[in-house]
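Okay, structure first, notes after.
Just so it is clear, none of the values below were taken in a lab; they were calculated from the coordinates. The model shown is predicted, which means the values in this text are computed figures rather than measured ones. Positions of Cβ are backbone-derived with ideal geometry, glycine not excepted, and every protein chain shown enters the neighbour counts.
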Amino acid sequence: MTTTPAITTMDIHQILKKLPHRYPFLLVDRVLELEVHKRIKALKNVSMNEPFFQGHFPARPVMPGVLMLEALAQTAALLSFESIGQEPGDDTVVYFVGIDGARFKRPVEPGDQLVLEAQIDRAKAGIYKYKTRATVDGELAVEADLMCTMRKVK
């Protein structure tokens, strides 16, 4: 008999306990599905009130691609912390160690809901590799392979 892994969700209060990021840099609003050691699906509600829209671009606001990648990395970090059963402390930071194959397929604008997905591709020697993608209304906005690691800081 096999058991199906539990799929959990997180609200903003639980996310704030797991990620050290705060406004204006917290880029995950809700976790819709999380399957430890496997995958996560989360949301970023993109609002015209985001501070980056003042300069990117005033006549045609578009979410910067690097922030879409950061939102995917924060989503992957939530999966990592849940999978290893660890609460981040003031002495733990998740760092990017690589971004491969990043492709931007459509602009993300105010009013869009960015659905963020990450699945663990590999975990070895403290380095996690994720297959990630983000969509808007089912349409691919960005995809990338991300590599991250957790380190203690002093």
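Observations
- Shown is the FRET efficiency for Phe57 and His21, computed with R0 = 22 Å from the Cβ-Cβ distance and rounded to the nearest 0.05: 0.35.
- Spacing of the modelled spin labels on Ile12 and Ser47, each 7 Å from Cα toward Cβ, amounts to 0.6 nm.
- Global form of the chain, assessed from the alpha-carbon gyration tensor, a/c cut-off 1.5: prolate
- Relative contact order [Cα under 8 Å, 6+ residues apart], the chain, whole percent: 24 percent
- Per-residue ellipticity at 222 nm from helix content only, as computed over the chain with -39500 (n - 2.57) for each DSSP H run of at least four residues, stands at -5500 deg cm²/dmol.
- Extending 7 Å from Cα along the Cβ direction at Glu87 and again at Arg106 yields two label points whose distance is 4.0 nm.
- FRET efficiency for the His37 to Val97 pair, using the beta carbon distance and R₀ = 25 Å, is estimated at 0.80.
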